[in-house]
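What follows is one structure encoded as structure tokens, with my remarks underneath.
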Amino acid sequence: MASALAKPDDPLQRTPKMKTKPLSPLLANRSSPPFKPAMASKMMIETLLTQDEDELLAAVGANSTTGLSTIAAATLGKEQAKATSGDSSPASKISPRGSVSSAEDESPTDSAANLTMDDIDSVNSDNYPASMTSSIKAHVYEGGLRYHAYKSGKYAFPNDEIEQNRDDMKHSMTLLLMQGEFFYAPVAERLEAGSEVLDLGTGTGIWAIELGDKYPNTTVTGIDLSPIQPNYVPENVHFFVDDFDEDWVDPENKYDFIHIRNVMHSVTDTKALLSRVMRHLKPGGYIEIQDIDVTPLSDDETLTPTTPYALRDYLNYMAAGLRALGSEMHAIKHLPDQLEAAGFDDIKKTTHKAPIGMWPRDKRLRLCGLFLRTAMMDGLRGLSQRPMAALGWTPLQIEMVLVNVRKALMDPKIHAYFTFHAVYARKPLNGTANGS
């Protein structure tokens, strides 16, 4: 492990520029199979488990920025074409917090039956409600990357198509690690009966959409700084542009279940966040936080504390950069104690090993490793830009370091893994809005 976070002085190699496709517009009078997200995700995972691994690797190698998501989307499309189900209709569209546009406001040509999978997975800003201001719909471009405009700079990472693909890959990896479960908290029965669920930092909205499809009696609300969610979603799913790091407009004691995934590294005040969660959960309601602690480990001595490993050094730089921006990259490790201090009870933690690469013998874990490695390879430039710039690094210095990080990620001799954490806790049954 590097003893100091020194910056390189000499250029070594330039990496090719990443390319992104423009978001697909909504096209009228086009037909597609009915939109069934939860069914589709299940089919995709089952099909991937039977997919020839050489084909998966070839797809990734052919296009390193979208290869895995491309073959997953192709598999999804083939399987979806075989599925038969009832009609699907557009539901609420993305709105600023406190404003929802209903299905009745849609044009007759803008129905789910007229959308392709590309249309569903994309966002057309022209179809946002008029109440959404241009400043929210806009994006900020910096160093060739696209970021959210609302509360610009609050979140350190991009929201472009590469990042959205990575978000969906991490979702599939998480479902594989959790054996298809969306959560571990004991809330399934109340979701079946009908509940209020809040998804903080919803990203592309894939978890919220699939949960809403699985539990049609439950209302699922997703909030994020970026309006990158699909326009057409289950009728019980709604998205809002908002900052969950600030006070919420929701009534207290409203939610039965609050879900947070893969964003704790960007939370600036965990104590304040958990206080808000406590106020807005119903007594007996649960919070579940899922995240990966990106400390590379190994069980077979292929990676020791003294092994030269560029990925580990890079992650040290990233942790320092995020601290400079006001957040903690390893926040998930401290959550059980913080939940207890905030007044929650019934605190449970589950961990899974998330392999980096395809070194495990178990096929499910090899696929997890392929998803994780591809998500990291695709995201290195976007993940690095703002945190490492906060340390004073130049774009050229960042690219110099990333050369060796990419080599480390692809090294088959290192059997490294990260630790995936799923932590849930309950608001006490006698708890009040302020957690007392």
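Given a 1.4 Å probe and every protein chain left where it sits, what share in percent of the accessible area of segment 240-336 is carbon and sulfur?
Working: 1760 of 3450 Å².
For segment 240-336, the apolar C and S fraction of the accessible surface comes to 51 percent.
Measure up K353/K413; K271/K349; K282/K353 against 28 Å on the Cα-Cα distance and list the ones that go over. Mind showing how you got there, number by number?
Numbers: K353/K413 18 Å; K271/K349 19 Å; K282/K353 33 Å.
Beyond 28 Å: K282/K353.
Under a crude label model (7 Å from the Cα following the beta-carbon direction), how far is N253 from T304 in nanometres?
5.9 nm
What length, rounded to one decimal in nm, is gained on full extension from A324 through to D346, with 0.36 nm per residue of separation minus their alpha-carbon distance? Could the numbers behind the result be given before it?
Numbers: separation 22, 0.36 × 22 = 7.92 nm, distance 3.38 nm.
Full extension from A324 to D346 adds 4.5 nm.
Relative to the present Cα-Cα distance, how much length would full extension add between A272 and E235 at 0.36 nm per residue of separation? Mind dumping the intermediate values first?
Values: separation 37, 0.36 × 37 = 13.32 nm, distance 3.17 nm.
Contour length minus Cα-Cα distance gives 10.1 nm.
D362 to Y184: extension gain in nm, 0.36 nm per residue of separation minus the Cα-Cα distance? Intermediate results must be reported in sequence, preceding the final value.
Details: separation 178, 0.36 × 178 = 64.08 nm, distance 2.26 nm.
Length difference between fully extended and current span is 61.8 nm.
The values are calculated or read from the model by the stated rules, or taken from the named source; none is laboratory data. Computed from a predicted model, the values in this text were never measured in an experiment. Backbone-built Cβ (ideal geometry, glycine too); neighbour counts: all protein chains shown. To get the accessible areas, we keep the full protein, side chains included, count just its heavy atoms, and leave off ligands, DNA and RNA. Shrake-Rupley method; radii C 1.70, N 1.55, O 1.52, S 1.80 Å.
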